[in-house]
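Notes for the one structure printed next.
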Amino acid sequence: MQLSHEDVELFHHQGYLSLPVLFDAREIEALADEAARLSALDCPQRILEKDSDITRSVYWVHGLSELFDRLVRDPRLLGPARALLSDQVYLYQTQLNPKASVLGDVWKWHQDYLYWHREDGMPNDSVLSVALYLDEVTEFNGPLFVVPQTHRAGLEEETATRPDASGWENTVNAEFRHEVDPRTLARLVDQYGLASTRGVRGTVFVFHGNLLHSSPPNLSPALRTIVFARYAAMHNQLRPVAQPRPSWIANREPAPVTALTEPLLAN
């Protein structure tokens, strides 16, 4: 997919970009069915909600599924990532978030890059997330909330690391290890406002790795499933760290993503 000059300018100004539906109903149904299968897998990449058997996330889905491996190479996702990062890209991470009805928990306010820098040794913020909505995302079922323009706000000093939250598990569950100071959040919201990123099935939402965002619990009776592909510029490869997270969370063997040249669905 080709982004317009206006699309690129808008992304760099506000830190995110919502694209029209790029996938047809048959493709979305196939991806949703595969997401449901992966959400039920008994594997290390599956993270559960606290004190529950409900799936919170599944990581490295492109390694668990041929269909999702094809998806992350689809030009409709890969093209915008390359254009916005102005470089060839590698796949740093994939994540499936099937936020369960009523039981799907919060993702607290955070900047992804700060986690990736502190935990994985990512040297700079030339990284973004491309999110595909496999269900309609409404104001009731746990949409992403973002603070526009905060991708230019370095919050290193305003984000504390909780001493009681050691281990990589506290980077992927609701007990977040790195917490943004509430006074900082209030200041930024007062300055830039808030946005709720709702959309119909098939919507593609792209956001900068440094954009401050969160997601409230799913209070609706409907499932809310989003799959994320995190692309980083090839020059932005992870440095060694003392306690690296599992390779299915942070890719330490980067290679340029090659574009899919066939249809997403084989038949």
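Summary table
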item: In region 157-196, the residues that are among the aliphatic types (A, V, I, L, M) and assigned to a loop (DSSP other than H, G, I, E, B); result: ALA165, VAL172, ALA174, LEU194
item: Matching entry among GLU119, GLU136 (being farther than 22 Å from ILE47 by Cβ and either open to solvent by 10 Å² or more (accessible area, probe 1.4 Å) or within 14 Å of the chain's Cα centre (by Cα) (or both)); result: GLU136
item: Conditions (1) farther than 23 Å from ASP181 by Cα; (2) under 14 Å from the mean Cα position of the chain (by Cα); number of the one not met by GLN88; result: (2)
item: Qualifying residue in region 92-110 (condition: farther than 22 Å from VAL21 by Cβ, surrounded by 21 or more Cβ atoms within 10 Å (Cβ to Cβ), in contact with a Phe, Trp or Tyr (Cβ under 6 Å, 6 or more places away or on another chain) and modelled with pLDDT of 95 or more); result: no
item: Failed item, numbered, when VAL146 is tested on (1) open to solvent by less than 10 Å² (accessible area, probe 1.4 Å); (2) under 13 Å from the mean Cα position of the chain (by Cα); (3) under 23 Å from VAL72 (Cα atoms); result: (3)
item: Residue in region 65-80 that is within 30 Å of ASP181 (Cβ to Cβ) and either in contact with a Ser or Thr (Cβ under 7 Å, 6 or more places away or on another chain) or not aromatic (Phe, Trp, Tyr) (or both) present; result: no
item: Of the criteria (1) more than 17 Å from ALA131 (Cβ to Cβ); (2) at pLDDT below 95; (3) of a type outside the set (Lys, Arg); (4) open to solvent by 70 Å² or more (accessible area, probe 1.4 Å), which one ASP42 fails; result: (2)
item: Region 1-39, subset within 26 Å of SER196 (Cβ to Cβ) and touching a helix residue (DSSP H, G or I) at 6+ places or on another chain (Cβ under 6 Å), residue modelled with the lowest pLDDT; result: MET1
item: Boolean, VAL72 is surrounded by fewer than 19 Cβ atoms within 10 Å (Cβ to Cβ), touching a residue at least 40 places away in the same chain (Cβ under 8 Å) and not acidic (Asp, Glu); result: no
item: Unique residue being free of Cβ contacts under 8 Å to residues at least 60 places away in the same chain and not acidic (Asp, Glu) when the list is ASN236, ASN218, ASN267; result: ASN267
item: GLY154 among the small types (Gly, Ala, Ser), without any contact (Cβ under 8 Å) to a residue 60 or more places away in the chain and either within 23 Å of LEU38 (Cβ to Cβ) or part of a loop (DSSP other than H, G, I, E, B) (or both); result: yes
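The values are calculated or read from the model by the stated rules, or taken from the named source; none is laboratory data. Worth saying up front: this structure is predicted, and the values here are computed from it rather than measured. So basically every Cβ, Gly included, is an ideal-geometry build from the backbone, and we count neighbours across all protein chains shown. Remember, those area values only see protein heavy atoms, side chains included, never the ligands or the DNA or RNA. Shrake-Rupley method; radii C 1.70, N 1.55, O 1.52, S 1.80 Å.
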